[in-house]
1. Would you check which residues across the range 193-234 are within 14 Å of the ligand (Cβ to nearest atom), among the aliphatic types (A, V, I, L, M) and without any contact (Cβ under 8 Å) to a residue 40 or more places away in the chain and list them?
2. Taking L230 as the residue in question, decide whether it is surrounded by fewer than 22 Cβ atoms within 10 Å (Cβ to Cβ) and modelled with pLDDT of 95 or more.
3. Go over the candidates A157, A164 one by one and state the one that is in contact with a Leu (Cβ under 8 Å, 6 or more places away or on another chain), within 24 Å of F80 (Cβ to Cβ) and not in a strand (DSSP E or B).
4. How many residues does the range 265-292 contain that are within 9 Å of the ligand (Cβ to nearest atom), of a type outside the set (G, A, S) and part of a loop (DSSP other than H, G, I, E, B)?
5. How about the range 241-281: which of its residues are over 17 Å from the mean Cα position of the chain (by Cα) and basic (K, R)?
6. I'd like the full set of residues that are more than 27 Å from L191 (Cβ to Cβ), in contact (Cβ under 8 Å) with a residue 24 or more places away in the chain and more than 23 Å from the chain's Cα centre (by Cα), limited to the range 84-112.
7. For F21, only one of the following conditions fails: (1) surrounded by fewer than 18 Cβ atoms within 10 Å (Cβ to Cβ); (2) under 22 Å from the mean Cα position of the chain (by Cα). What is its number?
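The values are calculated or read from the model by the stated rules, or taken from the named source; none is laboratory data. Everything quoted here is computed from the prediction, not taken from an experiment. Here the Cβ positions follow ideal geometry from the backbone for every residue, glycine too, while neighbour counts run over all protein chains shown.
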Amino acid sequence: MSQDIAVVVEHLGGKIADVAFEMLGKGRELAKATGGRLLALAAGQGLAGLVKELGAADAVLLCQGAGLEPYTPDAHQKAFAAAVKARAPRVTLVANTTMGMDLGAGLAAELGWPLVAYCRDARLEGGTLVATSQIYGGKLLAEAQVAGEHAIVSMLAGSSPAEAGRATGAPAVEEIAAPAAGPQRVRFKRLIQPAAGDVDITREGVLVSVGRGIQSKDNIPVVEELAQALGGTVSASRPIVDQGWLPKTRQVGKSGMTVKPRLYVAVGISGAPEHLEGMRGAELIVAVNTDANAPIFNVAHYGVVGDLFEVLPLLTEKIKSSA
Ligand SMILES: Cc1cc2nc3c(=O)[nH]c(=O)nc-3n(C[C@H](O)[C@H](O)[C@H](O)COP(=O)(O)OP(=O)(O)OC[C@H]3O[C@@H](n4cnc5c(N)ncnc54)[C@H](O)[C@@H]3O)c2cc1C
C-alpha cells in the first residue's frame with residue numbers, strides 16, 4: 001500500500017485556486033504522518049507554467065490535452081482515475097468546490113474508494129484517517145474514521161492556511177497520457193465572470209460586512225464609514241444582496257464568495273451556517289449584534305452586544321482619531 005498523499009490541483013484561466021494551496025499544506029502534514037510523498041495532480045492544457053508554483057509537492061503529475069480545457073467532470077474524472085488508481089495514494093484530497101464536488105464523487109464511484117465530503121480537517125491517528133466533515137449545512141461537525149487503505153477527502157475552501165502550501169520550486173514532473181475522448185454528460189457552455197469594475201472581496205484584507213440588522217439601504221453609509229476608516233471594503237450577507245442594496249459581488253457565504261481577510265467585522269449579521277461557510281477562515285472576526293445569543297458570536301474573536309447604530313459611529317470616530 002502506498003503512503004503517498006495526492007492533491008488534485010484546481011485551476012481556472014491559468015490561475016491555481018487558493019484551495020489547492022490549502023490542500024497542498026494539509027497534504028504535506030498528512031505525508032509527514034505517513035512518511036510518503038506529496039503528489040500534485042493537474043489536468044488541462046498548457047499547464048507547464050503552473051508547475052513552478054507547485055513547489056510544495058514532491059512530484060507533479062500532469063495530464064494535458066485539448067479535451068481537458070475547460071473543465072468538465074467526465075473528462076477530468078477519466079484523466080485522474082487511472083493515474084490515481086495506479087499510484088494508489090493513501091489519501092486523495094479534492095476541493096469541495098463546484099468543480100471538485102463532481103470530481104470527488106465521480107472518482108470515489110469509479111475507484112470504489114470511500115469519499116468524505118465537506119471536510120474542514122483530515123488527519124491520521126495511529127494510521128487511521130479521521131476526517132472532520134461539516135454536516136447539516138454547517139450546524140454540526142462529524143468525525144469520520146475511514147476504514148480501508150485509500151480514501152478521497154473533499155476539503156472546504158478556507159479550512160487551512162494557503163501559505164502552508166505555497167512554495168516555488170522545480171518538483172519532478174510526470175506527464176500522464178490524456179484519455180481518449182468519451183461521452184460528455186456535462187458540456188461547458190461559457191464562463192460568466194463577476195460584474196467588471198467592482199472590487200474582488202476575496203482579495204481584500206479588511207471587510208466590514210453588513211447584515212439585515214442594518215434595516216434599510218439608506219443606513220448602509222454607517223457601515224461604509226467604518227470600512228473607510230479601517231481602509232477596508234463593505235461586504236454583505238445574502239439578504240442585503242437579495243434586496244438589491246449591494247451588488248452580488250459583495251455577498252459572503254455559501255452562495256456567494258469565500259473570503260479570508262485579516263479582519264472581518266460582521267455588523268448586524270446573525271451568523272447562519274450559510275454565512276459562516278464563507279467567512280470562518282478570516283484571521284480575526286469581530287461581531288456587533290444586539291442579540292447576545294446570535295451564532296456569529298460562536299466564531300467571533302471579539303464581540304460587542306449592542307446596537308450597531310450606537311456602536312459603529314463611536315468605533316469609526318475612535319479609529320479616525322487614533323489614525
Ligand atoms: C441554499 C442557501 C444558500 C445561502 N447562501 C447564503 C450566503 O451565501 N450568504 C449568506 O449570508 N446567507 C446565505 N443564505 C441565507 C442564510 O441562511 C441566512 O438567512 C442569512 O445569512 C441571514 O442574513 P443576516 O444574518 O443578515 O440576517 P438575519 O439572520 O435576519 O440576522 C440579522 C441580525 O441582525 C441583528 N440585529 C438586528 N438589529 C440590530 C442592530 N440595530 N444592531 C446590531 N445587530 C442587529 C439581529 O440580532 C440578527 O442577529 C443561504 C441560504 C440557503 C438556504
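1. Residues satisfying the conditions are I220, V234.
2. Working: surrounded by fewer than 22 Cβ atoms within 10 Å (Cβ to Cβ): yes; modelled with pLDDT of 95 or more: yes.
So L230 fits the description; yes.
3. On the way: A157 fails: in contact with a Leu (Cβ under 8 Å, 6 or more places away or on another chain).
Checking each option against the conditions leaves just A164.
4. Of the residues in that region, 3 qualify.
5. Across the range 241-281, the qualifying residue is only K248.
6. K85, R87, A88, L111
7. Looking at each condition in turn, F21 falls short on (1).
Results for (1) outside any helix (DSSP H, G or I); (2) within 16 Å of V7 (Cβ to Cβ); (3) not aliphatic (A, V, I, L, M), shown as yes or no for each residue.
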residue: F80; (1), (2), (3): no, yes, yes
residue: L103; (1), (2), (3): no, yes, no
residue: V130; (1), (2), (3): yes, no, no
residue: E175; (1), (2), (3): yes, no, yes
